[in-house]
């Protein structure tokens, strides 16, 4: 899974979310499982998004993909102080190929926040 730079602070998080929503819309997250021990919370979820057709994605039509995601959250008091999501970029690439016949490099990766 490719690593990406960490996002820090409110401004960084806002900028990251704005960037992500240039790739897709209508993100719906279905929580499948959750476990917690001490300050760690682990989640398993399915994220369903509509990929956008624009110059950034290179797609000529919109289409839906569903991504299995594992999240690891560190909590201190009432705040999330770290959030890491992990997914399989090959799964995303296969769904993109199925819907477009091509692959977009901008969709693969992991996020350390």
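Summed over region 21-33, the residues that are in a strand (DSSP E or B) and surrounded by fewer than 14 Cβ atoms within 10 Å (Cβ to Cβ) give a count of 8. Would you call residue 72 within 18 Å of the chain's Cα centre (by Cα), modelled with pLDDT of 90 or more and not in a strand (DSSP E or B)? In short, no.
Under the condition of being out of contact with any helix residue (DSSP H, G or I) (no Cβ under 8 Å at 6 or more places or on another chain) and either assigned to a strand (DSSP E or B) or surrounded by 16 or more Cβ atoms within 10 Å (Cβ to Cβ) (or both), the residues counted in region 34-61 number 16.
When residue 4 is tested against the conditions (1) free of Cβ contacts under 8 Å to residues at least 12 places away in the same chain; (2) in a loop (DSSP other than H, G, I, E, B); (3) within 13 Å of the chain's Cα centre (by Cα), the lone failure is (1).
Of all residues in region 24-55, those that are within 18 Å of residue 95 (Cα to Cα) and touching a strand residue (DSSP E or B) at 6+ places or on another chain (Cβ under 7 Å) total 14. Among (1) over 17 Å from residue 86 (Cα atoms); (2) modelled with pLDDT of 95 or more, there is one condition residue 45 misses while meeting the rest; what is its number? Among (1) over 17 Å from residue 86 (Cα atoms); (2) modelled with pLDDT of 95 or more, residue 45 violates only (1). Entry remark, region 75-102: residues being part of a strand (DSSP E or B), in contact with a strand residue (DSSP E or B) (Cβ under 8 Å, 6 or more places away or on another chain), more than 20 Å from residue 46 (Cβ to Cβ) and touching a residue at least 24 places away in the same chain (Cβ under 8 Å) number 2 in total.
The values are calculated or read from the model by the stated rules, or taken from the named source; none is laboratory data. Since this is a predicted model, take the numbers as computed values, not measurements. Glycine gets a Cβ as well: all are built from the backbone with ideal geometry, and neighbour counts include every protein chain shown.
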